[in-house]
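Engineer: Have a look at this one.
Only the coordinates and a few stated rules stand behind these numbers; no lab work does. The model shown is predicted, which means the values in this text are computed figures rather than measured ones. Cβ atoms come from the backbone with ideal geometry, glycine included; neighbour counts cover every protein chain shown.
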There are 2 protein chains.
Amino acid sequence: MSTPRWLTTTEQRAWRAHLAVHKLLMHRLGIDLQEFGLSVNDYEILVNLSECPGKRMRMSDLADATIQSRSRLSHQISRMEAAGLVTREDCPDDRRGTFAVLTEEGWATMQRVAPYHVASVRDHFVDLLTDDQLEALEQAYNPILEHLKSLR
Amino acid sequence: MSTPRWLTTTEQRAWRAHLAVHKLLMHRLGIDLQEFGLSVNDYEILVNLSECPGKRMRMSDLADATIQSRSRLSHQISRMEAAGLVTREDCPDDRRGTFAVLTEEGWATMQRVAPYHVASVRDHFVDLLTDDQLEALEQAYNPILEHLKSLR
DNA sequence: GCGGAATAGTTGAAAGTTCTATCATGTTGG
DNA sequence: CCAACATGATAGAACTTTCAACTATTCCGC
């Protein structure tokens, strides 16, 4: 490879800030959720299911929504099923398909935990940013998102 | 908990954009590194060591620098040691201490891979942002970083 | 200098993730 | 119609991360 374009100081700072913020933030949110016996991944599943009509979602769609492999989701749902938070139901339309469905307990857990989790996200992220910064963040990240999604 | 302050649309968009970008980006960088037989975590260790005088670092310092538990780092270094990228050396000053040291092969790997990794970071992140956006990102994230670090 | 607390690091088992193979069902072109 | 290919989902093995316990050393107060 011909002489590479190394990152400038500004570029490097931004990139490293992103990485560091993400790691520390996830760690913190994880600690905060842990009091409710949930992991960040568990919570993400609960959010996605609870936002859907019927509080259910096809496995593949849920995998796409949460940006993880089908296999990983399958294991994840098995664990949450064991914990009583979700169940699997056969899909009547497509007999290959399966729904992940929020149980009563899953829904109750979601309602109980959500306020604390939102507070957590505020305390450690959202409330430390101005409205302009939040807008700027979205503006900056959306094209990246489009780019990355286009790569599959 | 009294009625929680749910996230506004703007807040939610920014937050979710951050999460989605991070996941997709790490996945992509992982794929790009995979061709060199490295994981993102391997690479992070290599960067940190190669930036240090003597290409060595105390285990604890390296754990802090890469924001991970000592235990996790210990396993990670064991794997990289098995792969020939690093070695452990006793610390003469503090007999409890251990250095992680880049091997010749580790350093060579770093030099070979870095240009491609930087290109990757450019293609999927840095070059999709303007200079202003990069500055804004750093400005936004640094206070969050300080806040999170202060929590330990 | 001695006993207790703190620090540095490792270990092994359990929990979680990734990778690859597999099964069942669906879709499509001849 | 039916063979071939595509899709939805899961299972198990291999690998990585977490958690708790442990060893060895250093620091601190008396």
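Engineer: Taking H as built 1.01 Å from N, whose amide H comes closer than 5 Å to the amide H of residue A:97, not counting residues under 5 places away?
Structural biologist: A:91
Engineer: Given H placed on each backbone N at 1.01 Å, which residues far from residue B:86 in sequence or on other chains put an amide H within less than 5 Å of it?
Structural biologist: Placed amide hydrogens put B:81, B:103 under 5 Å from residue B:86.
Engineer: Which of A:10, A:98 has the fewest other C-beta atoms within 10 Å, and how do the rest follow up to the most? Don't skip to the end; give the middle numbers.
Structural biologist: Numbers: A:10 14, A:98 18.
Placing the least packed residue first, the sequence is A:10, A:98.
Engineer: Under the rule of -39500 (n - 2.57) per DSSP H run of 4 or more residues, summed and divided by the residues of chain A, what mean residue ellipticity at 222 nm is obtained, to the nearest 500 deg cm²/dmol?
Structural biologist: On the way: 6 runs with 98 residues, N = 152.
The per-residue figure over chain A is -21500 deg cm²/dmol.
Engineer: Taking the Cα centre as origin and putting +1 on Lys and Arg beta-carbons and -1 on Asp and Glu beta-carbons, what dipole magnitude results for the protein assembly as shown, to the nearest 20 debye?
Structural biologist: On the way: 36 positive and 44 negative charges, 156 e Å.
Value, rounded to 20: 740 debye.
Engineer: Using only Cα atoms, tell me the angle between helix A:104-124 and the longest principal axis of chain A; keep it within 0 to 90° and round to the nearest 10.
Structural biologist: Approximately 10 degrees, to the nearest ten.
Engineer: On alpha-carbon atoms, Rg over Rh for the stretch B:1-62 using Kirkwood Rh?
Structural biologist: Details: Rg = 18.5 Å, Rh = 14.9 Å.
Ratio value, two decimals: 1.24.
Engineer: Sort A:141, B:43 by Cβ crowding within 10 Å, fewest neighbours at the top.
Structural biologist: Values: A:141 27, B:43 19.
Ascending Cβ contact count within 10 Å gives the list B:43, A:141.
Engineer: Using only the alpha-carbon atoms, how far is helix A:70-82 inclined from the longest principal axis of chain A? Give it as 0 to 90 degrees, nearest 10.
Structural biologist: Tilt of helix A:70-82: around 50 degrees.
Engineer: Taking the Cα atoms of the protein assembly as shown, what is the range of coordinates along each of the three principal axes, in descending order and whole Å?
Structural biologist: On the principal axes, the protein assembly as shown reaches 60, 41, 39 Å in Cα extent.
Engineer: List the lysines whose Cα lies under 18 Å from the Cα of residue A:149, skipping any in the same chain that are fewer than 8 positions away.
Structural biologist: Filter leaves B:23.
Engineer: For chain A, take the longest principal axis of its alpha carbons; what is the angle in degrees between that and the long axis of helix A:131-150, to the nearest 10 within 0 to 90?
Structural biologist: 70
Engineer: If each residue's Cβ is checked for other Cβ atoms within 10 Å, how do A:77, B:67, A:45 rank with the fewest at the top?
Structural biologist: On the way: A:77 22, B:67 16, A:45 27.
Ordered from fewest to most neighbouring Cβ atoms within 10 Å, A:77, B:67, A:45 come out as B:67, A:77, A:45.
Engineer: Which translational diffusion coefficient, to the nearest whole µm²/s, is obtained for chain B from the Stokes-Einstein equation, given a Kirkwood hydrodynamic radius over C-alpha pairs, 37 °C and 0.692 mPa s?
Structural biologist: Working: Rh = 17.9 Å.
So the translational diffusion coefficient is about 184 µm²/s.
Engineer: Okay, moving on. Among A:12, A:66, A:77, pick out the residue whose Cα is farthest towards the positive end of the charge dipole of the stretch A:1-107, where Lys and Arg carry +1 and Asp and Glu carry -1 on C-beta, about the Cα centre.
Structural biologist: Most positive-ward Cα: A:12.
Engineer: Something else: How well do other chains shield peptide A:121-129, expressed as the mean number of their Cβ atoms within 10 Å of each residue Cβ? Write down the numbers at each step before the final one.
Structural biologist: Values: counts 4, 6, 2, 4, 9, 9, 3, 8, 8.
Taking the mean over all residues of the peptide, I get 6.
Engineer: Return P(r) of the stretch B:52-105 (all Cα-Cα pairs; 10 Å bins starting at 0; whole %; ordered from short to long distances).
Structural biologist: 26, 59, 15
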